[in-house]
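Everything on this sheet refers to the single structure shown next.
The values are calculated or read from the model by the stated rules, or taken from the named source; none is laboratory data. Note that the structure is a prediction, hence the values are computed from the model and not measured. Backbone-built Cβ (ideal geometry, glycine too); neighbour counts: all protein chains shown. Ligands, DNA and RNA are stripped out before the accessible areas are found, and what is left, the full protein with its side chains, is counted by its heavy atoms. Shrake-Rupley method; radii C 1.70, N 1.55, O 1.52, S 1.80 Å.
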Amino acid sequence: MAARRMRRSPRDESGPDGDGASTAGAGAGTDATDAGTDRAAGATGTPRAYGYSGRMLTADNSLRTSDGEVSDDRKGDIRFGCSMAGCELDSDTVVFTQIFGDPGEGTYDTCSMLTANQKPGAHPLAASAAGTEICFRDGEGNVGLLVIQVKSTAMPDLGFVRADMTVWKD
């Protein structure tokens, strides 16, 4: 009799402490700013995921990938802005790649592959809507995923993006 393997949904996967730190997607909705890693030194596999929900980006602030905090200045890793050509995410240190597939395809492996060997720069948001998954890799080599919750760009002077962010860290 063959053993059956049950496929677990990404929402069922949690960190070793059962704290909801998921190994897939930003949909976990946890705010793991102070969580540590329980993996043994030298362990291999997918790094631990840290989720940060509801991060609001405007023309006046920025987002730090290291701790998921929104800065009141433009010195963070990820910035939002609008110009005559449209609105975009921008960074001097972060690489962006949008996933044009089914929802939930933004896994560590997918994002790691899509952001390898690229140069930092701007990511236009014209083809992005609520639910869009955008992979990124920061200057420290951490892989992450932004899932857009709200994109308001019709009036560029008042534009903003609210997104959930997952960062996989060793």
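Observations
- Candidates 163, 127 - the one that is hydrophobic (A, V, I, L, M, F, W, C) and closer than 19 Å to residue 60 by Cα: 163
- Filtered by the rule that a residue be within 27 Å of residue 170 (Cβ to Cβ) and out of contact with any strand residue (DSSP E or B) (no Cβ under 6 Å at 6 or more places or on another chain), region 138-160 gives 138, 139, 140, 141.
- Filter result (modelled with pLDDT of 95 or more and open to solvent by less than 70 Å² (accessible area, probe 1.4 Å)) within region 83-99: 87, 88, 89, 90, 91, 93, 94, 95, 96, 97, 98, 99
- Complete set of residues in region 117-140 that are modelled with pLDDT of 95 or more and open to solvent by less than 40 Å² (accessible area, probe 1.4 Å): 123, 125, 128, 132, 133, 134, 135, 136, 138
- Test result for residue 102, open to solvent by 70 Å² or more (accessible area, probe 1.4 Å), under 22 Å from residue 161 (Cα atoms), modelled with pLDDT of 95 or more and not in a strand (DSSP E or B): no
- The residues of region 67-119 that are acidic (Asp, Glu) and in contact with a His (Cβ under 9 Å, 6 or more places away or on another chain), listed by number, are 88, 90.
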